[in-house]
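A short write-up of the structure that comes next.
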């Protein structure tokens, strides 16, 4: 388990575990929810080289932070190439994520209140 009793999460460890587990997933992707509740969901995802999360829209304001590797965030004809350590607010638009290399990233989404 990567979470400590007080809720802290070792993101480097989670990213390494997920990237290391990619070979066990024919889809070339895997994920782990690390925070869920109180209006926030945070997921760490890993994608194999060349794989993508197809066009979709976030359910609320969101940010993406690359933990390992390199990826592209694509939306409305725009492309942002992101590398390890970089963070970007996700535009309020249909977007996709494409892995340039084996990568892991953290996605945090503010969930709408019920």
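The values are calculated or read from the model by the stated rules, or taken from the named source; none is laboratory data. Everything numeric here is computed off the predicted structure, so don't read it as measured data. Cβ sites come from the backbone with ideal geometry, for glycine too, and all protein chains shown count toward neighbours.
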Would you check if there is a residue in region 72-95 being within 13 Å of residue 29 (Cβ to Cβ) and touching a strand residue (DSSP E or B) at 6+ places or on another chain (Cβ under 9 Å)? no
For a quick check of your reading: which strands (runs of 3 or more DSSP E) sit entirely within region 1-94 and have at least 2 residues that are on the phi < 0 side of the Ramachandran plot, modelled with pLDDT of 95 or more and surrounded by 15 or more Cβ atoms within 10 Å (Cβ to Cβ)? 29-37, 40-47, 62-68, 70-75, 78-83
